[in-house]
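Down below is the structure, laid out as C-alpha cells.
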Amino acid sequence: MSAPAPVPPPSLPAPIGLLAELTHRCPLGCPYCSNPLELDGREGELGTDDWRRVFSQAAALGVMQVHLSGGEPAARRDLVDMVAHCAAVGLYTNLITSGIGLTPKLVAALSEAGLDHVQLSIQDADEDSADRIAGYRGASARKREVAAEVVRAGLPLTVNAVIHRANVSRAGAVLERAIAWGARRVEIAHAQYYGWARRNRAALMPTRAEAVAAIGEIERLKAAHAGTIVVDHVIPDYHARYPKACMGGWGRRLINVTPTGRVLPCHAAESIPGLEFWTVRDRALGDIWADSPAFRAYRGTDWMVEPCRSCPRKGVDFGGCRCQALALTGDARNADPVCHLSPFHDRVDTIVLAETEGPAAAYAYRGRSPADASIDRS
Amino acid sequence: MTADTPRPTPALDPAGRPTLPRGVRLKHDELRGGWVLLAPERLLKLDAVSVEVLKRCTGEASLDAIVDDLAAAFAAPRERIAADVDAMLGGLVAKRLVDMR
Ligand SMILES: C[S@@+](CC[C@H](N)C(=O)[O-])C[C@H]1O[C@@H](n2cnc3c(N)ncnc32)[C@H](O)[C@@H]1O
Ligand code: SF4
Ligand code: SF4
C-alpha cells in the first residue's frame, strides 16, 4: 500500500522538517493559541497507521526532523508508538507539549522509545498569572514537575513561552526560570497573530514601549547567560523593517500535517481562501509536496507582484508571510506589510497603536464558549 | 578559517573529553549527500573536517588525543589542527551542541 515515494524533479527542494499536529484536543485554553478557530474533533483524526505511513514517507522524501505537536500531543494514546516509529525510520523527534497529560511513566516510555528532545511551554513566570492565561488552575505546578521529570529522564529540555500583554513585563523572569529548571535552551517568542491569537489580538498586543523593553531585557540576559543556556528570541515582526522568510519560504523546507491529514505549507495556510489542500488519506506525501495546488501557489518567486517582483531580497525573505499579507492588505500575493517597502506598511502601525489603547479586552479561551471563562477545570 | 586570521586564545581544556549530548545527533543525509548535525530546532550542514572532528567526540577520547589522531590522519601540522578544532568545538560548546566531560 505504501509505495516508495517518487523521486522529485531536481528543481524541487526536498523538505527538511515536518510539523505533525497529532490532535487539536488540549486541556488548556490559551487565548494566544495559533491553532485555527475551527478545531478538528477526535472523530476525524488520523489513526496510528496513517501517521506511521506519513513518517516513513517523510523520511524517504528527505525530512530529518519531526515536530510532534498539536493541540496537546500527550492526548494521543499512541504517542509512544509514533516516537518509536520515527526513531526506527531515522527521524529526529521533537515533542512540543504543554506538559499536561505527560505522566512520569509516559516521560520514561517516550525517552525509552528514542525521543530526542522536549519543548515544554509555560505561560508566565508568575504561576497565578500563568494559570489564568492557560485557563487552567494548577497547570503551572504540574509543568514544574514535568520539567523535573524530563530532566531526570536525561532528555534535553527547552522551555518555550509566548509573550503578550499579560506577561511582557516578565519575559526576563521566564528566561531565568528556564535556567533554574535545567533547560539547555529557551525560546522566547512574541505572539504571532494567527488562529485564536488573531481573535484575541486586542487582548494580547502589548504596547510598542512594552515590547521594546522586553526585547532589550532578553538580549541583555542572552549575552549574560551565553554558554549556560541557548536563547532563541523570536521578536515581533510588527516592529521590524523587513519581514522574516516565513517557513523558510513557502513549500521550500517545511510541511505541516493537520490532525485530519490535510497537508499545509504553513500552519495558518487554511486562512487563505481558495487554496486547495490535499490529504495524506488520498495521496503520498511526496506527490502532495510536489504537486498539490496549495504548495505550488506560492512556491519560489514567480507568483510575486511589485514591490517584491523586482526586489533584490525576494530570494532571501520570499516576500514574508502570505497569511499576514492577506490579513492586512486583502491579497496574499502582496509583500508582507511588515516590510517598509510595502505600500500598506502604515496599516501595521494603525493596528498596533489602535489595539494597545485602553484596557485589555477579555480573553476568548481557545476551544471554549465565551460563557465559559472559569479556569477551575475538572 | 585561513591561517592568518587572528585566533581567539584556546578556550577548551585539552584534557576534557568532548561528547555530543543527548538531543544532538550526527546524521548522514542520504538524499542530499553529506553530513548534518541535528539538534533542538537546529540543523547544521557540516563540512568534511567538522565531520571528522565530531565523529571522534565520543566522550571517551580527550581533546588532545583527538587532535593527535587528526594530525596523523591528515598529515597536517598539529598546531594548526589544534587551533581549528578548538575554534570549531568552542563554537559548538557555546551553543550547547557539544559537552565537555
Ligand atoms: C500550538 S502549540 C501545541 C503544543 C502544546 N500544546 C504547547 O502549547 O506547547 C505549539 C507551539 O506554538 C507556540 N505558540 C502557540 N501559539 C503561538 C502564537 N500565537 N505565536 C507564537 N507561538 C505560539 C506554543 O507555545 C508551542 O510552543
Ligand atoms: S498553545 Fe495552549 S491551547 Fe494551544 S495547544 Fe498549546 S497548550 Fe493548548
Ligand atoms: S519588497 Fe518583498 S521581497 Fe523585498 S524586502 Fe519587502 S517583502 Fe521582501
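The values are calculated or read from the model by the stated rules, or taken from the named source; none is laboratory data. Remember, it's a predicted structure, so these values are computed and weren't measured experimentally. As a convention, Cβ positions derive from the backbone with ideal geometry for all residues, glycine included, and neighbour counts pool all protein chains shown.
A Cβ distance below 8 Å, combined with a sequence gap of six or more or placement on separate chains, defines the contacts here; from segment A:153-164, residues that are free of Cβ contacts under 8 Å to residues at least 60 places away in the same chain and more than 10 Å from every other protein chain (Cβ to nearest Cβ) reach residues that are among the basic types (Lys, Arg) and away from ligand 2 (no atom under 13 Å from the Cβ) in the pairs A:Val159/A:Arg177; A:Val159/A:Arg185.
Of everything in segment A:31-76 that's of a type outside the set (Ser, Thr, Tyr) and in contact with a Phe, Trp or Tyr (Cβ under 7 Å, 6 or more places away or on another chain), which residue is farthest from ligand 2 (Cβ to nearest atom)?
Here is the first cut: in segment A:31-76, the residues of a type outside the set (Ser, Thr, Tyr) are A:31, A:33, A:35-47, A:49-55, A:57-68, A:70-76.
Imposing the further condition that a residue be in contact with a Phe, Trp or Tyr (Cβ under 7 Å, 6 or more places away or on another chain) reduces the set to A:31, A:33, A:35, A:37, A:61, A:64-66.
On the way: A:Pro31: 8, A:Cys33: 3, A:Asn35: 5, A:Leu37: 12, A:Leu61: 26, A:Met64: 24, A:Gln65: 19, A:Val66: 17 Å.
Among those that are of a type outside the set (Ser, Thr, Tyr) and in contact with a Phe, Trp or Tyr (Cβ under 7 Å, 6 or more places away or on another chain), it is A:Leu61.
If you go through segment A:299-323 and keep only what is more than 9 Å from ligand 3 (Cβ to nearest atom), more than 13 Å from A:Ala245 (Cβ to Cβ) and either touching a residue at least 60 places away in the same chain (Cβ under 8 Å) or acidic (Asp, Glu) (or both), you end up with A:Asp302, A:Cys323.
For (1) touching an Asp or Glu at 6+ places or on another chain (Cβ under 8 Å); (2) over 26 Å from A:Gln119 (Cβ atoms), each residue gets a yes or a no:
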site	(1), (2)
B:Thr19	yes, no
B:Arg25	yes, no
B:Trp35	yes, no
B:Leu43	no, no
B:Ala48	no, yes
B:Glu52	no, yes
B:Leu63	yes, yes
B:Gly91	no, no
B:Leu97	no, no
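Of the residues that sit in segment A:77-101 and are within 16 Å of ligand 2 (Cβ to nearest atom) and within 14 Å of chain B (Cβ to nearest Cβ), which one is nearest to A:Val66 (Cα to Cα)? Talk me through it step by step, then tell me what you get.
Of segment A:77-101, the ones within 16 Å of ligand 2 (Cβ to nearest atom) are A:79, A:94-101.
Next, only the ones that are within 14 Å of chain B (Cβ to nearest Cβ) stay: A:94-97.
Numbers: A:Asn94: 6, A:Leu95: 8, A:Ile96: 10, A:Thr97: 14 Å.
In this case the residue turns out to be A:Asn94.
Residues that are in contact (Cβ under 8 Å) with a residue 60 or more places away in the chain and crowded, with 22+ Cβ neighbours inside 10 Å within segment A:268-279 comprise just one, A:Ala268. For segment B:62-87, a residue qualifies if it is of a type in the set (Asp, Glu) and surrounded by 13 or more Cβ atoms within 10 Å (Cβ to Cβ), and the qualifying residues are B:Asp64, B:Asp68, B:Asp69, B:Asp84, B:Asp86. None of B:Gly16, B:Gly59, B:Gly90, B:Gly33 is in contact (Cβ under 8 Å) with a residue 24 or more places away in the chain and either surrounded by fewer than 13 Cβ atoms within 10 Å (Cβ to Cβ) or basic (Lys, Arg) (or both) except B:Gly59.
To keep it simple, each residue is scored yes or no on (1) part of a helix (DSSP H, G or I); (2) surrounded by 20 or more Cβ atoms within 10 Å (Cβ to Cβ); (3) modelled with pLDDT of 95 or more.
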site: A:Pro206; (1), (2), (3): no, yes, no
site: A:Ala211; (1), (2), (3): yes, yes, no
site: A:Ala214; (1), (2), (3): yes, yes, yes
site: A:Glu217; (1), (2), (3): yes, no, yes
site: A:Leu221; (1), (2), (3): yes, yes, yes
site: A:Ala226; (1), (2), (3): no, no, no
site: A:Tyr238; (1), (2), (3): yes, no, no
site: A:Tyr242; (1), (2), (3): no, no, no
site: A:Met247; (1), (2), (3): yes, yes, no
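Taking helices (runs of 4 or more DSSP H) that fall entirely within segment A:279-378, which contain at least 2 residues that are touching a Cys at 6+ places or on another chain (Cβ under 8 Å) and within 16 Å of ligand 2 (Cβ to nearest atom)?
Values: elements: A:285-291, A:293-297, A:314-317, A:322-329, A:346-355.
Because the criterion is at least 2 residues that are touching a Cys at 6+ places or on another chain (Cβ under 8 Å) and within 16 Å of ligand 2 (Cβ to nearest atom), no helices (runs of 4 or more DSSP H) in segment A:279-378 meet it.
Do the conditions hold for A:Pro27, that is, is it surrounded by fewer than 19 Cβ atoms within 10 Å (Cβ to Cβ) and either within 11 Å of ligand 1 (Cβ to nearest atom) or not small (Gly, Ala, Ser) (or both)? Yes; evaluated as a whole, the condition is true for this residue. Would you tally the residues in segment A:166-197 being within 16 Å of ligand 2 (Cβ to nearest atom) and either touching a helix residue (DSSP H, G or I) at 6+ places or on another chain (Cβ under 7 Å) or free of Cβ contacts under 8 Å to residues at least 12 places away in the same chain (or both)? The qualifying residues number 8. The conditions of being over 22 Å from A:Gly70 (Cβ atoms) and surrounded by 24 or more Cβ atoms within 10 Å (Cβ to Cβ) are met by A:Arg184. Only one of the listed residues (B:Ala71, B:Ala82) is among the small types (Gly, Ala, Ser), more than 14 Å from chain A (Cβ to nearest Cβ), over 29 Å from A:Thr158 (Cα atoms) and under 12 Å from the mean Cα position of the chain (by Cα). That residue is B:Ala82.
Among residues of segment A:236-249 that are in contact (Cβ under 8 Å) with a residue 12 or more places away in the chain, those with a beta-carbon under 8 Å from a residue that is of a type in the set (Phe, Trp, Tyr) and assigned to a loop (DSSP other than H, G, I, E, B) at least six positions away or on a different chain give the pairs A:Ala245/A:Phe318; A:Cys246/A:Phe318; A:Gly249/A:Phe318. Given A:Val234, A:Val230, A:Val212, which one is within 24 Å of A:Gly70 (Cβ to Cβ) and of a type in the set (Val, Ile, Thr)? None of the other options fit; the residue is A:Val234.
Residues that are among the hydrophobic types (A, V, I, L, M, F, W, C) and more than 14 Å from every other protein chain (Cβ to nearest Cβ) were ranked within segment A:51-76; the one that is nearest to ligand 3 (Cβ to nearest atom) is A:Val54.
Is it true that some residue in segment A:157-180 is in a loop (DSSP other than H, G, I, E, B), within 20 Å of B:Leu97 (Cβ to Cβ) and either within 16 Å of ligand 1 (Cβ to nearest atom) or out of contact with any Lys or Arg (no Cβ under 6 Å at 6 or more places or on another chain) (or both)?
Within segment A:157-180, the subset in a loop (DSSP other than H, G, I, E, B) is A:164-167.
Among the residues that remain, those that are also within 20 Å of B:Leu97 (Cβ to Cβ) are: none.
No - not one qualifying residue is present in segment A:157-180.
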